[in-house]
Amino acid sequence: MKNKNALSLLGSVVLILIGLYVVIHPGSSLNMVVKIVGIALIIYGAIGVVGYLTGKSEKNTVNFIVAILIVIVGLFFFTSPSKVVSFFPTVTGILLIVAGVRDILSAIRTKGNLVPLVLAIITLIFGLIILLNPFGTVEILATVFGIALIYNGITSLIGALKK
């Protein structure tokens, strides 16, 4: 149990430090973050592949194929972080636009509270801003990501200290 708690504490501190680095250096940190995500994907996918091949996980061919694809995506992230960084804002913008339109339609159908409609419109506007100016918003997205890492690290740290 002590080892598990020590790992939780260490992981929390690492998240906070990475988050701080990303917030302080949003532009230059993106490649590093993409490489870290790539490593995590490679490890996650490899665990799935090894589990399938050794019989330690369910013999599900779909899960095996997904695990292989995760490794391939992880390798792409690790070896080509600048390409990932260049398409990340565009994908984020498209996803926000789709979510905004979906939420607007849902809010109109429910005809109730005005708050969901306003939030959906804000989501749509953010998506359009990101899509129309993808490179101008990359650093903002990195900063938000860094803040999320810091928040996650702090909440994990608090949870680990309570144990």
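Helix 26-54 axis versus longest C-alpha principal axis of the chain: approximately 50°, rounded to the nearest ten. Pairing the Cα long axis of helix 81-110 with the longest principal axis of the chain, what angle in degrees results, from 0 to 90 and rounded to the nearest 10? That works out to roughly 50 degrees. Rounded to the nearest 10 degrees, what's the angle between the helix 2-24 long axis and the longest principal axis of the chain, both from Cα atoms, 0 to 90? Between the helix axis and the principal axis of the chain, the angle is about 40 degrees.
Were the residues from V66 through L114 laid out at 0.36 nm apart, the gain over their Cα-Cα distance would be 13.2 nm.
Checking (i) 174; (ii) 118; (iii) 140 against volume of the Cα convex hull per residue in Å³ calculated from these atoms, the matching label is (i).
Taking the Cα centre of the range 64-163 as origin, sum charge times position over the Cβ atoms of Lys and Arg (+1) and Asp and Glu (-1), and report the length of that vector in debye to the nearest 20.
Values: 6 positive and 2 negative charges, 64 e Å.
In debye, rounded to 20, the range 64-163 gives about 300.
The magnitude of the dipole of the range 50-115, with charges of +1 and -1 set on the Cβ of Lys/Arg and Asp/Glu and taken from the Cα centre, is near 140 debye. Given +1 at the Cβ of Lys and Arg, -1 at the Cβ of Asp and Glu and no other charges, the dipole of the range 3-125 around its Cα centre is 160 debye to the nearest 20.
How many lysine pairs in the chain, separated by 8 or more positions in sequence or lying on different chains, have Cα atoms less than 28 Å apart? Intermediate values should be presented prior to the final figure.
Working: K2/K56; K2/K162; K2/K163; K4/K35; K4/K56; K4/K162; K4/K163; K35/K83.
Close lysine pairs found across the chain: 8.
Once each part is reduced to its C-alpha centroid, what is the distance from the range 65-83 to the range 40-62 in angstrom? Comparing the Cα centres of the range 65-83 and the range 40-62, I get a distance of 15 Å.
Any read-out appearing in this document is the output of simple, stated calculations on the displayed coordinates, not a laboratory observation. Just so we're clear, the structure is a prediction, and the values are computed from it rather than from any experiment. Methodologically, a virtual Cβ is constructed for each residue, glycine included, from the backbone with ideal geometry; neighbour enumeration extends over all protein chains shown.
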